[in-house]
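Nothing in this text is a laboratory measurement; each read-out follows from the coordinates by a stated rule. Since this is a predicted model, take the numbers as computed values, not measurements. Cβ placement follows ideal geometry from the backbone for every residue including glycine, while neighbour counts extend to all protein chains displayed.
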Amino acid sequence: MRFLLSYIFTFLLLTQSALAQNIQSLPSFIRAQSQTPILHEGGRVQPVYSQNGMVVTADKIASEVGREILAKGGNAVDAAIAVAFTMAVTMPRAGNLGGGGFMMVYDAKTKTTRAIDYREKAPIKATADMFLDRQGNVDEKVARFSHKSAGVPGTVRGLELAYKLYATQEWADLVDPAIYYASKGLTVSKSLSDSIKKKAEHLWKSFPARDVFFKGRSFYEAGDNLVQKDLARTLVEIATKGADAFYEGDTAIRIAVDMKKNGGLITMEDLKKYQAVLRDPVVGYYRGYKVVSMPPPSSGGVHLVQMLKTLNNFPIKSEHWGAGTADTMHVMAESMKRAYADRAKYLGDPDYVKVPVKALTSDLYANRTAEGISLGSATPSELIEAGRFLPDESPQTTHFTIVDKWGNVVTNTYTLNFSYGSGHMVEGTGILLNNEMDDFVAKKGVANAYGLVGNDKNAIESEKRPLSSMTPTLLFDEKDNFYMALGSPGGSRIITAVLNVIMNVIDHDMNLAEAIVAPRMHHQWMPDIIEVEEGYSLDTLKLLQARGHSIKEVPPMGAVMAVMKLGDAYVGFADTRRFDAKASYLEENTQPIVQGVRFTPQDVYDVFE
Ligand code: DON
């Protein structure tokens with residue numbers, strides 16, 4: 001009996017401690033279930049966890065819409081299309097129908113990744129000197145705030161291409177949530193209200209935008225209901241007639257008429273000719289991980305891979321280096337400035353100019369670059385190549401990352417360029433126009449709004465795509481299994497925001513939330529300054545100054561929305577640098593909240609009333 005009791009006692013003890021050990025051995029962050037960072041387990045900020053899919057966006061309404069599509073059985077692409085249409089309504093400063101972007105899709109079944117390029121194109125009538133005044137100087141007002149600033153929008157064709165390649169749900173059902181929020185209205189958040197106030201001067205000048213974004217002579221405040229009837233009507237057209245409604249139908253006519261009336265260049269022919277295209281992703285390896293990112297006309301993938309490969313040459317993981325040390329920050333800054341110098345020289349639309357992608361992303365070039373980096377002192381940017389810097393204009397773009405229960409992943413960045421683009425709205429459509437034409441080089445040696453310079457490779461040409469920095473990216477482990485997907489807004493700082501987060505995960509063993517929350521640094525060759533967010537040690541910054549770096553503390557850079565694979569499940573985190581950001585995830589039995597389509601014949605009737 002005594003023997004039996006002691007056996008039971010020992011058994012209980014063992015299983016108890018095995019259980020405890022099991023729980024202990026689970027990384028603490030896989031036990032978190034909430035979006036907002038929770039500080040627990042030693043004060044570590046935590047991502048959310050799900051085995052059933054998640055949607056990480058900068059806008060909580062859009063995240064919930066995406067989650068709903070997944071709950072209805074849609075895949076990651078279905079959810080991405082619904083999210084992108086919704087954000088055109090709920091986050092109008094960046095979400096859009098009148099802009100463009102890049103979508104990377106990982107298909108878990110075939111283990112392949114495709115890059116969809118739906119970047120805007122210069123109108124047919126665009127010319128190299130279209131933004132120069134009589135003295136030959138760049139007229140920034142025309143380049144950034146006129147109807148001429150708009151490239152031919154790509155978003156609707158891009159979403160259509162993704163739909164044709166991957167979607168499983170009805171097209172109209174994916175446009176439907178956007179129609180719902182445009183016609184019934186959305187509750188204005190503080191950040192939406194603030195963003196309208198910030199851009200008020202420009203939005204007020206456009207009568208259609210004034211009608212939508214102002215309550216008579218006052219502002220929309222948090223908690224108000226914002227209805228966008230014209231936008232709802234445009235969305236109903238797209239839902240019922242497809243993307244052709246935008247490019248060849250009623251919406252196209254309205255855009256062309258508006259352009260003609262206001263000195264813009266986009267015509268019916270431009271819209272009809274526009275096509276989204278598939279590109280071969282840029283691929284490179286960093287410490288054994290495969291990095292798959294956006295190729296030209298984005299500069300993002302090329303320079304991300306180039307910088308990572310250069311950094312591969314330094315012992316960043318070793319105990320004397322690590323996160324936020326002067327050594328690590330020094331080699332990051334030196335790699336960044338060299339990559340951005342190359343950006344100015346070599347990058348442009350691959351349909352128009354030869355971009356040496358292979359050479360720029362080769363091991364040989366990266367190793368040579370690394371050899372040229374002196375550990376003891378900064379190389380002045382002037383010695384690398386010349387350029388000029390102009391200050392930023394309040395920028396906005398948005399990134400979202402989605403994974404479904406089958407393991408398909410979408411990582412998408414799209415934009416109007418500035419917050420609310422040029423501020424012009426096309427009459428009768430609710431569509432805000434992008435000002436992506438400013439991403440071209442208007443004049444050699446003259447910087448664009450992000451301080452980026454360039455040469456003929458990125459000069460304006462008829463139907464050419466302007467160079468971008470948007471960097472939707474995926475990583476795969478040594479066995480070629482999906483590891484991580486991420487991206488960010490931030491203009492020229494997009495590429496380095498993605499780089500910072502990748503290094504935080506791979507080199508510094510941070511969990512995804514920590515990696516995203518940690519302070520970031522950026523160098524873009526010109527100006528010759530390391531920009532740092534608040535949070536680095538003052539001692540480190542002094543050490544960097546001693547090596548010859550200039551340091552400037554800047555407001556938060558980028559807003560990374562990311563998902564990572566962890567065992568059989570996923571963790572996700574929405575950057576807390578965006579107030580409305582949210583990672584919405586599915587539990588095992590998550591049911592759709594709304595059964596069937598949301599927009600009823602009555603809604604449509606209301607819209608056309
Ligand atoms: O394509 C580009 O690189 C820019 N038009 C992106 C602008 C941007 O990220 C503004 N965001 N915060």
**Study point:** Extension gain (nm, one decimal) between Gln275 and Lys552, 0.36 nm per residue minus Cα-Cα
**Key:** 95.6 nm
Practice item. On a C-alpha basis, how far is the centre of the range 214-284 from the centre of the range 296-324 in Å? Whole number, if you could? Key: 38 Å
Check your understanding: Over the chain, what relative contact order in percent results from Cα pairs under 8 Å that are six or more residues apart?
Key -> 23 percent
Exercise for review: With both partners inside the chain, how many of the DSSP beta bridges are antiparallel, as a percent to the nearest 5?
Suggested key: 95 percent
Exercise for review: For an R0 of 60 angstrom, estimate the FRET efficiency from the Cβ-Cβ distance between Asp456 and Thr187 and round to the nearest 0.05.
Suggested key: 0.80
Study note, to complete from the structure: Candidate span helices, the chain: DSSP H, at least 15 Å along axis from Cα coords, Kyte-Doolittle average at least 1.0, result 76-90, 494-506
Review point. In the range 450-558, which trypsin sites (Lys or Arg not before Pro) fall in coil by DSSP and have 16 or fewer other Cβ atoms within 10 Å?
Key: Lys479
Exercise for review: Could you check what % of the DSSP bridge pairs in the range 514-579 are antiparallel, to the nearest 5?
Suggested key: 75 percent
Check your understanding: What percentage of all Cα-Cα pairs in the chain are separated by more than 35 Å?
Key -> 37 percent
Study note, to complete from the structure: Here the Cα Rg-to-2.2 N^0.38 Å ratio for the range 132-274 is 1.20
Study note, to complete from the structure: What one gets for the range 423-551 as the Kirkwood radius, inverse of mean 1/r over different Cα pairs in Å, is 17.6 Å
Check your understanding: Once label points are set 7 Å from the Cα along Cα→Cβ at both Leu364 and His320, what is their separation, rounded to one decimal in nm?
Key -> 3.2 nm
Review point. Hey, which aspartates and glutamates would be in cross-link range of Lys272, C-alpha to C-alpha under 18 Å, not counting anything within fewer than 8 residues on its own chain?
Key: Asp117, Glu120, Glu160, Glu237, Asp244, Glu248, Asp250, Asp258, Glu463
Exercise for review: Return the calculated 222 nm mean residue ellipticity for the chain, to the nearest 500 deg cm²/dmol, obtained by summing -39500 (n - 2.57) across DSSP H runs with n ≥ 4 and dividing by the residue count.
Suggested key: -11000 deg cm²/dmol
Practice item. Compute the FRET efficiency between Glu588 and Arg287 as 1/(1 + (r/R0)^6), taking r as their Cβ-Cβ distance and R0 = 25 Å, and round to the nearest 0.05. Key: 0.15
Point to revise | Extended-chain gain in nm, criterion 0.36 nm per residue less alpha-carbon gap, Lys241 and Lys215 | key: 6.2 nm
**Study point:** Quarter of Cα convex hull surface for the range 236-345, i.e. mean projection, nm²
**Key:** 11.4 nm²
Revision key, fill the gap. Rg from C-alpha atoms of the range 336-465, normalised by the globular rule of thumb 2.2 N^0.38 Å, equals 1.31
Exercise for review: Would you mind getting me the FRET efficiency between Phe207 and Gln135? Use the beta-carbon distance for r and R0 = 35 Å, nearest 0.05.
Suggested key: 0.65
